[in-house]
Structures are given as C-alpha cells and as structure tokens.
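Please read the structure below before turning to the comments.
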Amino acid sequence: MQNFFYKNPTEILFGRGMIAEIASRVPTSAPVLFLYGGGSIKRNGVYEQVKTALKQHRLVEFAGIEANPLYETCLTVVEVVKRERIGFVLAVGGGSVLDAGKFIAATACFTGADPWDILRSGGSAIEAALPVGTVLTLPATGSEANGNSVISRRATQEKLHFTSNYSFPVFSVLDPETTFTLPTKQVRNGVVDAFAHVMEQYMTYPADAPLQDRLAESVLQTLVETGPVTLAEPRNYEARASFMWSATLALNTLVGCGVPQDWATHMIGHELTAFYGLDHAETLAIVMPGVWQHKLAQKRAKLEQYGRRVWGVASAEAAIAKTEEFFSSLGMPTRLSAHKISAEDAAAKVSARFAQRKVAFGEHGDIGPEAAATILRLRA
C-alpha cells in the first residue's frame, strides 16, 4: 500500500425518521439556504419534514438545481447567499443538489476574480467555504460523505470537478424511506454510479492492499445482490438501505486509501455528458468496459481477481462480459449506438477536448486524447 492520510469529518445520520435530528445540528445564528431541485421533495414528504425540523430557523429557499448542476444557476444562488447573509447551506436531494451546494458554499467565500477557477484548479483555489449539511434522497454519487463536486457550464459545454477538505458536509441524513418514490431510471443510475465509483479505485493493478481489495469487492457484491432487488421492490426497506449505504461507502474516500486509482472512465464520461446530455451513470456504463478492453494487458491481473471473487469466472474477458451483462440486467445500455450517438463523432470531440486541456488520466497517466478516442470507438 502507498502512504496516505485519511480524513472524513462527515457525521452520518442513517435510518428512518433521522431528518428530525438536523434541528440540533443546523445553527440558528444566521439564515439557512434550503437548496433543492425540481420539487420531488414536496411529493415524497421530505420538504415538510425539513420545514418541521427547522421551524425555529430562518430558511431561504432556492429550488431548481438541475440534474447536472449548472455553473450559471449556482452563481445566481451565490448572489442570494450574499444578499441574505446566509450562514449555512442545507442541500436536500440527490448528488447534483449536493454538488451544487458545495460549489455555492465555496464560491460564496471565494475572493478570486473568476469562480470558474475553483473548477479549473480542481479545488486547490478553495481557502474557505460555508458549512454544508445534506439530506440525501437519491443514492448514487457519494457526495454526502466526500469533498467532491461536479459542475457543468452551459456556455462552454464543459463539465469539471473539484475536491476540497473544505467541502465535506458536516452532516448527512440517509433515510432509505426518502428514496421509495424514485423513478426506476434514477435507481438504475444510482446502482451503476456506485458500482463505477468502486471500480475506479479498484480496477488498476495489484498493490499489496488485500484489505482495500476486500472492502471494494464487498461493496460490489452487495450492489450485485441488492441492486436488482431494490429495482424490483422499491419499498423493500432492507434492500434500499443496503443500496444506500453501499453508494456512500463507494466514494467516502475509504475504499481508495493507499491504492492506485484510475478515473479515466469518469473523465471521458463527463465529456459525453457535456456534449450529448447523457446521464452521468449512462456514460459510465458505456465507457468503463472500453477502458478495460483498451488496457486489458495492464489490468488483466486485477480483472481476473475481480472475475473470480465477484462473478466466479476465470478470465479477464469473462469478467468484462459479466459486468456488461449486469448493467444490461438493470436496464442500462452499454453502447453509444443505444443513445443514437456516433462513436466517431464522440471520439473526435472528446479527444479534441483532452488535447485542448493537455490532460491524461488512468492509474498510469497514459489515457490521453488518442486513447480516449480509441476507447470510444470500441463502444460504438
């Protein structure tokens, strides 16, 4: 294992009825920004639970955070935060709302000339942020227990991410019952998203980290076991709870401690979302098998281990096939053609974007413009 530091300051409030617990954790000394998305929290009862819990607090509401949160929308909210002298951000919804909350909290304290520098710098430009609490209603991104955020900019068709220790939520509520009314597509996306998060930290090369491997494999096995159940039985509390907790553990920084990480799938996927508007998880299901195929020689040992331990198959090729079969069993397409996207067009656009930024990803830092194009052509 490599040397590492581990810090995760987020308090998790897990289980039924835990929204009521936020009353004692949200300060009353300044107004609170109550941030949410398209209004589903008003249909599933979460909105009223939050309002009841914080009836002694002054709330300033902002609705309308997009499924891929827009930079432009976030800047509008920052103006509200500054005008109302907000002291705490409460983000209620899925990972997009949480990501927006983190960016808004950091931008409100940012002293630089251009807030986009927060994204350009990957988070290193952040020197302070308002405290953020979250109530999660869509398990997927793990944003409830990490310092990560992904923001899209409509004007330039860009999607960038940042991470910062200042952006960890101070608390996160995870009540599985808040997810019972989610559309099937969003649950499917969440299972694939969590699965891919684990894989980005696991599917590299052997690194003398047996415990980290077993932690990763246990989350993968749980998702394989509970994902189909929670799709078929939306009100199965135990299945939904296992899925929700798996999604948090998939990206709360624990699985990746001391091991090499990839993240090429995510970086290519972000560009597919920016150019074509695909859901984040949809891009991951397309790209990840292609990354593995392209890097089969380098990843073979880990693919074979994964195949044996998670699927009971012997070869790297069979492990890739089993993964695609799993995604398909959830109703998730794994090819660009399923979304009527030309692989050649995608390859040209993504490789040009990588070249423009002079970036390369993967555990060996060797997935640059040409490799990204090759991978996308494999996923026609």
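Laboratory data are not the source of any read-out in this text; all were calculated from the coordinates shown. Given the structure is predicted, the values throughout are model-derived calculations rather than measurements. We place every Cβ from the backbone using ideal geometry, glycine too, and count neighbours over all the protein chains shown.
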Among beta bridges assigned by DSSP with both residues in the chain, the antiparallel ones amount in percent, to the nearest 5, to 25 percent
Within the stretch 316-347, report the trypsin sites (Lys or Arg not before Pro) that DSSP leaves as loop and that have at most 14 other Cβ atoms within 10 Å.
Lys340
For Cys109, the residues 5 or more places away or on another chain with a placed amide H closer than 5 Å to its own amide H are Leu130
Over the Cα atoms of the stretch 184-377, how large are the radius of gyration and the largest Cα-Cα distance (Dmax), in Å?
16.0, 47
Given a cut-off of 32 Å, name the pairs among Lys185/Lys302; Lys185/Lys295; Lys185/Lys358 whose C-alpha atoms lie farther apart than that in the structure shown.
Lys185/Lys358
222 nm mean residue ellipticity, helices alone, for the chain (DSSP H n ≥ 4; -39,500 (n - 2.57); rounded to 500)
-14500 deg cm²/dmol
Remind me, relative contact order of the chain in percent, using alpha carbon pairs under 8 angstrom and six or more residues apart?
15 percent
Which order do the peptides 313-320, 372-379, 231-238 come out in when sorted by mean C-beta neighbours inside 10 angstrom, highest first?
372-379, 313-320, 231-238
Kyte-Doolittle mean at least -1.0 and Cα extent at least 24 Å along the axis: which DSSP H helices of the chain qualify?
184-202, 210-232
To make sure I understand the rule: partners must be lysines, Cα under 24 Å from the Cα of Lys55, and not fewer than 8 residues away in the same chain. Which ones qualify?
Lys42, Lys82, Lys102
Over the stretch 171-243, what relative contact order in percent results from Cα pairs under 8 Å that are six or more residues apart?
43 percent
Run through the stretch 73-182 and list the GluC sites (Glu not before Pro) located in a DSSP loop whose Cβ has at most 16 other Cβ atoms within 10 Å.
Glu127
For the stretch 327-380 and the stretch 133-155, what is the centre-to-centre distance using only Cα atoms, to the nearest Å?
23 Å
Modelled label-to-label distance, Thr76 and Gln356, 7 Å Cα→beta-carbon offset: nm?
2.5 nm
Inter-centroid distance (Cα atoms) of the stretch 255-319 relative to the stretch 1-27, Å:
29 Å
Under a no-solvent Debye model with one identical scatterer per Cα of the chain, what's log10 I(q)/I(0) at q = 0.08, 0.11, 0.13, 0.14 Å⁻¹?
-0.38, -0.74, -1.05, -1.23
Separation between the Arg85 and Leu211 pseudo-spin-labels, each 7 Å from Cα along Cα→Cβ, expressed in nm?
4.8 nm
Between Ala321 and Gln298, take the C-beta separation as r, use R0 = 25 Å, and let me know the FRET efficiency to the nearest 0.05.
0.85
